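Working notes for the structure below.
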Amino acid sequence: MNITIETLPKYRIAYVRQVGPYGPANSQAMEKLKQWAKGEDLLTESTILLGVPQDNPETTLPENCRYDACIVIAKDYPENDSICEGQLDGGTYVICKIKHTAEAIQRAWNEIFPYLQNNGYQLDDKPILERYIGEMLINDYCEICVPIKPL
């Protein structure tokens, strides 16, 4: 598994929120976001899309879990009433690039937390991100970005 450490900047985002059990509806939220972004001419080779699960399904009822499908937008992009906007704080993240399959995602989760412990890190109190840049979507890859801080 390919693991790196990266400092992510603060991102201005446009997003579509899905509330309910994590799963297929998350993909529908991402498709809705991509349709909006396509109409705004925002989908390019350098586009950054993010999937942001806002809640831990082990501690939040499935029907209350929030998932945000996000696109990073420029600071000077005009406000748009047809979509939600927000900001993601930057910080230090462990980045794990994987094939976007259920098996690869499960394997990554099984390896990330021991990696953190073995390398002197703990989870920071920020959302975990799924990041897709440019060709990653077409090639079914994603990056799991886990916020970290020293122990």
Carbon/sulfur fraction of accessible area - region 1-80, other protein chains in place, 1.4 Å, %: 49
C-alpha center-to-center spacing [region 11-58, region 99-127] in angstrom: 21
In region 44-151, the trypsin sites (Lys or Arg not before Pro) that fall in loop regions by DSSP, at most 13 other Cβ within 10 Å: K75
Label-point separation in nm, Q117 to I3, each point 7 Å along Cα→Cβ: 1.2
Local net charge near P147, Cβ-Cβ under 10 Å (Lys/Arg +1, Asp/Glu -1): -1
Whole-Å semi-axes of the ellipsoid equivalent to the chain (Cα gyration tensor, √5λ, descending): 25, 17, 16
Candidates per GluC sites (Glu not before Pro) in region 50-126, loop by DSSP, up to 11 other Cβ within 10 Å: E58, E79
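The values are calculated or read from the model by the stated rules, or taken from the named source; none is laboratory data. Everything numeric in this text was worked out from a predicted model, so none of it was measured. Cβ atoms come from the backbone with ideal geometry, glycine included; neighbour counts cover every protein chain shown. All accessible areas refer to the heavy atoms of the entire protein, side chains included, with ligands and DNA or RNA removed. Shrake-Rupley method; radii C 1.70, N 1.55, O 1.52, S 1.80 Å.
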